[in-house]
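Peer 1: Please read through the structure below; I'll follow up with questions.
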Amino acid sequence: MGYVPPPTPQYGLEEGPILLKDGRTALLRRATPRDLPLFVEFLKRLSPESLRMRFFSPISPEKAAELLLSAKPEEEKVTLIVLAGEPPRIVATGEYVRAKGEETAEVAFLVDDAYQGKGLGTLLLERLALLAAKRGVRRFQAFTLAENRQMLNVFMESGFQVRAHREGGEVEVEFEILLEEKAAERFEWREKVSTIASLHPFFFPRGVAVVGASRDPESIGYRVLENLIFGRFQGPVYPVNEAIGREGGTVGPLLAYPSVESIPGPVDLAVIAVPKERVPGALEACGRRGVRGAIVLTTGFTPEEAKALADKARRYGMRLLGPGSLGLVHTHPEVRLAAGLAPLPKAGPLALSSQSGTLGRAVMAYAEGMGLGIASFASLGAKADISSNDLLQFWEEDERTRVILLYLESFGNPRRFSRLARRIGKKKPILAVHPSRDPLVRALFSQAGVVRANDLEEAFDVAALLSLGRLPENGRVRLVSNASGPSNLALEALKEGGLEVEHVDLGSTARGEDFARALKEAMESDAGSVFLLFVPMGYASEEEFLRLLGEAEGEKLLLACAMGSAGVRARVLGRVALYRFPESAAIALARAWAYRRFREEPLLFPDFPDLRLEEARRLLEGKKRLSREEAEALLLAFGLPLGKENGLTLRLRAEPHPLFGPVLTLLLPTPLGEQALGQRLSPLTAKDAQELLKPLEGREDPRPYQEILLRLSRLLEEFPEVEEVVLELQGPKVARFEVRLADPKPR
């Protein structure tokens, strides 16, 4: 069994926004003694039955609050609280307590009666288990009343291997918290359920309010209403403008309202298009009304102001798209939603997100011109709350989405993105365009199986091919052509992409029947894909060629190039992707083949049974720096081979990045300085280590070095306080080393 990397929450493990099972928002953080009044208020709200289930006997709220916040000197205790509402109040708490040095901790939870059944007990158990495992706890135990079925179900459905023992009216449960694949999958599944529930009001709203609706055809509010109406949204639309007055009025053909709170019908989604200074008040009104999602079109917010908006929305249980968003569209026939400044596009298999709103609108128009319709589109704007990571989880389960295309200008949580993309990419392709040429971005995409495009045109070339729903069956492609020059361009691009080419040259006098015969033979061959390249030479017409493509039979991936044709660089014609230039088609096919290989590659994080994790944990505990002897002991605890051997001298550096986490760089010392051979982000799979060592092929056997990379990556994952490690390798041995610890962060 391999190593299972711990789940990466979108925000902090013990502090940050969280999602309930019903999609509503809340805040998680560590409890402090200053929270005593909040605890008393929380416990006073609970029913006597809930208090009895937690404390096993009657107890006053004041005494219970003191118990929950207390800890004996010989104990280690972590208490988490969940806050919701405006003003924020505690709705759940969970804790683990262990005696110093013990490997077993006792865990317990308490959830507000009104918030039971929303997944908070499970979420607290997950977070406490991840925190405790990092501190050397191996198992949890809990004591609960036998009649407390709800709490027993939290343990039994956690994914951990739970053992339960009943004695009288009490049940003792115990389980190892060292993460295994089943528990990790359950963690990920539960987060996905909550995320999808939180986005449901955006993609399937029962009603939409337009805050800032106007009768002025030049105003943003008017254009939003226009897009909703002309797109034929399948639900009620409510114009909101405070100038309407209490007596009411209309905006266009629609009855308008002076405030969101005065709307009589269901409102799940609000599109806010008011001046910047009025946005916070509009959000608050939506929160009081019970609106579940808000799209803020207004621009001009600083990052701090945008964060304040997101915090405000979360306190009311809402999610926020923007600010500075162009809006959201969803072409589902039962929804037909164009909530923003983009009209409803033609429906199709492409899901698209963009931080740039204007770019997103242009890209949708380009896709429509290609014959490649849109399933849904979201303009992220400032990304104060909803990000690509949220959308990926929605699109993972959306049956209408076949290809995901992301235009990314920045990352909020790239480690979370990598984990999601690795999982989702096994089901459907993720294409990404990032304007930066940063090698870390390239490493991130490569490791996560994301199909990286150098620009938007290339992204759509690839999207046209992937939207067909077929992938190359193998690495052989049958290229059928009638012109040598363009064929050579295609051949070079295909070979560079790792494909084996079977070239059938029909000659410049080839007629339609020659192409038809060659296509039939190609579709019956053992080639994994078929590429037809046509140049009008006067013997076969483009009309004949296109008709031939439309009549093609077989299950193979089929793409074609018709040089000289007018229009966009790539088009989707039924089951064929058609290109204007041979290189475009060839590069798209190479990207599709690379994606096929990623899908088939097992996602393996190798484990090493000889790791001495407890020894390493004791060695690092309370340290600000390590002596040379301690650093050597740490490396030996992770099985890193110390010594020297004949062979190539290399340097392996692991150092932190504020966004991407630990970065491993392989360097070759030369007389002119160090030459970087490659970079990868931790945690490394076996495949990642192979890819990083590829430059050694032909100079040195890379296999002995692979284990060193994987062991070092594991050290960085287990102990984030190890900030920087530099290993000088002579042969597959560590000849010299440096280990530096991070400055401890104050709590």
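Peer 1: With the requirement that a residue be among the β-branched types (Val, Ile, Thr), touching a residue at least 40 places away in the same chain (Cβ under 8 Å) and not in a helix (DSSP H, G or I), what does segment 261-298 give you?
Peer 2: Passing the criteria: Ile263, Val267, Val271, Ile272, Val274, Val291, Ile295, Val296.
Peer 1: Output the residue which, of all residues in segment 521-538 that are more than 15 Å from Glu502 (Cβ to Cβ) and surrounded by fewer than 16 Cβ atoms within 10 Å (Cβ to Cβ), is nearest to the chain's Cα centre (by Cα).
Peer 2: Step by step, filter segment 521-538, then rank; the result is Pro536.
Peer 1: Hey, among the residues in segment 477-501 that are of a type in the set (Val, Ile, Thr) and over 11 Å from Cys561 (Cβ atoms), which one's nearest to the chain's Cα centre (by Cα)?
Peer 2: The residue in question is Val477.
Peer 1: Do you know which of the residues in segment 67-97 that are exposed (fewer than 14 other Cβ atoms within 10 Å of the Cβ) and acidic (Asp, Glu) is modelled with the highest pLDDT?
Peer 2: Looking at residues that are exposed (fewer than 14 other Cβ atoms within 10 Å of the Cβ) and acidic (Asp, Glu), I get Glu86.
Peer 1: Asp461 versus (1) over 21 Å from Ser541 (Cβ atoms); (2) charged (D, E, K, R); (3) over 26 Å from the mean Cα position of the chain (by Cα): which is the lone unmet condition?
Peer 2: Among (1) over 21 Å from Ser541 (Cβ atoms); (2) charged (D, E, K, R); (3) over 26 Å from the mean Cα position of the chain (by Cα), Asp461 violates only (3).
Peer 1: Within segment 658-677, identify whether any single residue is outside any loop (DSSP other than H, G, I, E, B), touching a residue at least 24 places away in the same chain (Cβ under 8 Å) and of a type in the set (Val, Ile, Thr), and answer yes or no.
Peer 2: Yes, the conditions are met somewhere in segment 658-677.
Peer 1: Could you tell me whether any residue of segment 48-59 is surrounded by fewer than 16 Cβ atoms within 10 Å (Cβ to Cβ), among the small types (Gly, Ala, Ser) and either more than 22 Å from Gln150 (Cα to Cα) or in contact with an Asp or Glu (Cβ under 9 Å, 6 or more places away or on another chain) (or both)?
Peer 2: Scanning segment 48-59 turns up no residue that is surrounded by fewer than 16 Cβ atoms within 10 Å (Cβ to Cβ), among the small types (Gly, Ala, Ser) and either more than 22 Å from Gln150 (Cα to Cα) or in contact with an Asp or Glu (Cβ under 9 Å, 6 or more places away or on another chain) (or both).
Peer 1: Same structure again: Would you mind stating whether Pro662 is more than 34 Å from the chain's Cα centre (by Cα), of a type outside the set (Ser, Thr, Tyr) and at pLDDT 95 or above?
Peer 2: Answer is no for this residue.
Peer 1: Could you go through segment 306-320 and let me know if any residue there is more than 17 Å from Pro17 (Cα to Cα), part of a loop (DSSP other than H, G, I, E, B) and not charged (D, E, K, R).
Peer 2: Here is the first cut: in segment 306-320, the ones more than 17 Å from Pro17 (Cα to Cα) are none.
Among the residues of segment 306-320, not one is more than 17 Å from Pro17 (Cα to Cα), part of a loop (DSSP other than H, G, I, E, B) and not charged (D, E, K, R), which makes the answer no.
Peer 1: Looking at Leu38, is it in contact with a strand residue (DSSP E or B) (Cβ under 7 Å, 6 or more places away or on another chain) and either surrounded by 16 or more Cβ atoms within 10 Å (Cβ to Cβ) or modelled with pLDDT under 95 (or both)?
Peer 2: Values: in contact with a strand residue (DSSP E or B) (Cβ under 7 Å, 6 or more places away or on another chain): yes; either surrounded by 16 or more Cβ atoms within 10 Å (Cβ to Cβ) or modelled with pLDDT under 95 (or both): yes.
Yes; evaluated as a whole, the condition is true for this residue.
Peer 1: Does Ser481 satisfy the condition of being of a type outside the set (A, V, I, L, M), in the same structural domain as Phe581 (by TED's automatic domain parsing) and modelled with pLDDT of 95 or more?
Peer 2: When the stated conditions are applied, Ser481 passes them.
Peer 1: Turning to a different aspect of this structure: Working only within segment 277-295, note down all residues that are surrounded by fewer than 23 Cβ atoms within 10 Å (Cβ to Cβ) and either under 30 Å from the mean Cα position of the chain (by Cα) or aliphatic (A, V, I, L, M) (or both).
Peer 2: Pro280, Glu284, Ala285, Gly287, Gly290
Peer 1: Let me ask another. Is one or more of the residues making up segment 101-113 more than 30 Å from Ala616 (Cα to Cα), modelled with pLDDT of 95 or more, under 36 Å from the mean Cα position of the chain (by Cα) and among the β-branched types (Val, Ile, Thr)?
Peer 2: yes
Peer 1: Which one is surrounded by the most Cβ atoms within 10 Å (Cβ to Cβ), of the residues in segment 621-641 that are basic (Lys, Arg) and assigned to a loop (DSSP other than H, G, I, E, B)? Write out each step before concluding.
Peer 2: Step one: of segment 621-641, the residues basic (Lys, Arg) are 623-625, 628.
Those still in the list that are assigned to a loop (DSSP other than H, G, I, E, B) too: 623-625.
Numbers: Lys623: 13, Lys624: 9, Arg625: 9.
That would be Lys623.
Peer 1: Kindly indicate whether any position in segment 684-701 is surrounded by 13 or more Cβ atoms within 10 Å (Cβ to Cβ) and closer than 24 Å to Arg135 by Cβ.
Peer 2: no
Peer 1: Another question about this same structure. What is the number of the single condition among (1) crowded, with 17+ Cβ neighbours inside 10 Å; (2) modelled with pLDDT of 95 or more that Glu399 does not meet?
Peer 2: (1)
Peer 1: Right, something else. Could you tell me whether segment 12-30 includes any residue that is among the polar types (S, T, N, Q), in a loop (DSSP other than H, G, I, E, B), touching a residue at least 12 places away in the same chain (Cβ under 8 Å) and not assigned by TED's automatic domain parsing to the domain that holds Leu710?
Peer 2: Within segment 12-30 (the criterion being among the polar types (S, T, N, Q), in a loop (DSSP other than H, G, I, E, B), touching a residue at least 12 places away in the same chain (Cβ under 8 Å) and not assigned by TED's automatic domain parsing to the domain that holds Leu710), the answer is no, since none of the residues qualifies.
Peer 1: What are the residues in segment 157-201 that are touching a strand residue (DSSP E or B) at 6+ places or on another chain (Cβ under 9 Å), assigned to a helix (DSSP H, G or I) and of a type in the set (Asp, Glu), if any?
Peer 2: Glu191 - this is the single residue of segment 157-201 that is touching a strand residue (DSSP E or B) at 6+ places or on another chain (Cβ under 9 Å), assigned to a helix (DSSP H, G or I) and of a type in the set (Asp, Glu).
Peer 1: Now for a different question. So is Glu544 surrounded by fewer than 20 Cβ atoms within 10 Å (Cβ to Cβ) and farther than 25 Å from Leu603 by Cα or not?
Peer 2: Working: surrounded by fewer than 20 Cβ atoms within 10 Å (Cβ to Cβ): yes; farther than 25 Å from Leu603 by Cα: yes.
In short, yes.
Peer 1: Taking the stated definitions as given, is Gly731 on the phi > 0 side of the Ramachandran plot and surrounded by 16 or more Cβ atoms within 10 Å (Cβ to Cβ)? Walk me through it before giving the result.
Peer 2: Working: on the phi > 0 side of the Ramachandran plot: yes; surrounded by 16 or more Cβ atoms within 10 Å (Cβ to Cβ): yes.
Yes: the conditions hold for Gly731.
Peer 1: Can I ask one more? In segment 558-605, what residues are basic (Lys, Arg) and crowded, with 16+ Cβ neighbours inside 10 Å?
Peer 2: Hits for segment 558-605 are Arg569, Arg571, Arg575, Arg580, Arg591, Arg596.
Peer 1: In segment 559-569, what count of residues is obtained for those that are more than 16 Å from Leu491 (Cα to Cα) and either among the aromatic types (Phe, Trp, Tyr) or in contact (Cβ under 8 Å) with a residue 40 or more places away in the chain (or both)?
Peer 2: 3
Peer 1: How do the helices (runs of 4 or more DSSP H) wholly within segment 408-500 filter down when requiring 1 or more residues that are acidic (Asp, Glu) and in contact (Cβ under 8 Å) with a residue 12 or more places away in the chain: which remain?
Peer 2: Where helices (runs of 4 or more DSSP H) fall fully within segment 408-500 and carry at least 1 residues being acidic (Asp, Glu) and in contact (Cβ under 8 Å) with a residue 12 or more places away in the chain, they are 456-466, 484-496.
Peer 1: Here is a follow-up. Hey, which of the strands (runs of 3 or more DSSP E) in segment 202-256, taking only ones fully inside, have at least 1 residues that are surrounded by fewer than 20 Cβ atoms within 10 Å (Cβ to Cβ) and at pLDDT below 90?
Peer 2: Because the criterion is at least 1 residues that are surrounded by fewer than 20 Cβ atoms within 10 Å (Cβ to Cβ) and at pLDDT below 90, the strands (runs of 3 or more DSSP E) in segment 202-256 that meet it are 249-251.
Peer 1: Which condition breaks for Asp390 when tested against (1) acidic (Asp, Glu); (2) under 13 Å from the mean Cα position of the chain (by Cα); (3) more than 25 Å from Ser682 (Cβ to Cβ)?
Peer 2: Every listed condition holds for Asp390 apart from (3).
Peer 1: For the condition within 23 Å of Glu614 (Cα to Cα) and assigned by TED's automatic domain parsing to the domain that holds Leu38, what is the one hit in Glu66, Glu102?
Peer 2: Details: Glu66 fails: within 23 Å of Glu614 (Cα to Cα).
None of the others qualify; the one that does is Glu102.
The values are calculated or read from the model by the stated rules, or taken from the named source; none is laboratory data. Because the structure is predicted, anything quoted here is derived from the model rather than measured. When we count neighbours, we look across all protein chains shown, and the Cβ atoms used for this are built from the backbone with ideal geometry, even at glycine.
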